[in-house]
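The next block holds one structure in the form of structure tokens; read it before the comments.
Read-outs throughout are calculated quantities, based only on the coordinates presented, and are distinct from any laboratory measurement. Since the model is a prediction, treat every value here as computed from it, not as a measurement. Because the Cβ atoms are built from the backbone with ideal geometry, glycine has one as well, and the counts that use them run over all protein chains shown.
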Amino acid sequence: MPRTRVHNLMVSADGFAAGDHVTLEQPIGGAEAIFGWFDGRVIHGVQDVEGPVTVDQALFSMWGQGIGAEIMGRRKFGPQQGEWPDDGWEGWWGDAPPFLTPVFVLTHHPRESIEFANGTSFHFVDVSPEEALRQAQAAAGEADVRIGGGPSTVRAFLEADLVDFLHLAIVPVVLGSGARIWDDLSGLEERFSVETIGTSSGLTHQLWNRKR
């Protein structure tokens, strides 16, 4: 049965999963300290890793396995707010975004879809989490849907009880401010079994699987 999954959600020791501002100059929004621990080379597999494959890399590589569509929030797609400006913006990733699937961008300001030669397409929708998931599942077919972030989008899907699997990587740094992941989610752990894995890098991975 297809699942709804969250992967590689980097979280500081004090619970922040993103910065509190996003600009063209600062796409991470002040949370660079946590994303410096992420090895993005392996999201499509560890085949190009030279030398030993680490536990961190193996877990990060799950990101692209069996995914047929992604849902993301508007701030992950770009820094703009309000109506979309006529600036030709097509996301942070240039002409080869890494998703390779349809991506549904949650926004109150829909716009025309964007398609790329590598199979990535962006579709801008003003719908509830439930409807966004329905559309993404239809696009994904028998594959899984990934909730790609940012933290407010992940939190909305957790609040709606729509997530089957959640992979967190807890980073041993303290940000002190930013976008929190756990606000208004008291008792969430009761719906999941949680496995924790510490690695020699200092990261602590948590795998949350929905109880059946």
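Here are the numbers:
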read-out: Trypsin sites (Lys or Arg not before Pro) lying in DSSP loop within segment 1-77, provided at most 16 other Cβ fall within 10 Å; value: Arg3
read-out: Distance between segment 109-134 and segment 135-202 - C-alpha centres, whole angstrom; value: 21 Å
read-out: Exposed GluC sites (Glu not before Pro) absent - longest run of the chain, DSSP non-H/G/I/E/B, at most 13 other C-beta within 10 Å; value: 143-212
read-out: Beta bridges per DSSP with both ends in segment 4-152, % antiparallel, nearest 5; value: 10 percent
read-out: Using a Förster distance of 30 Å, the FRET efficiency for Glu25-Ser200 (Cβ separation, nearest 0.05); value: 0.30
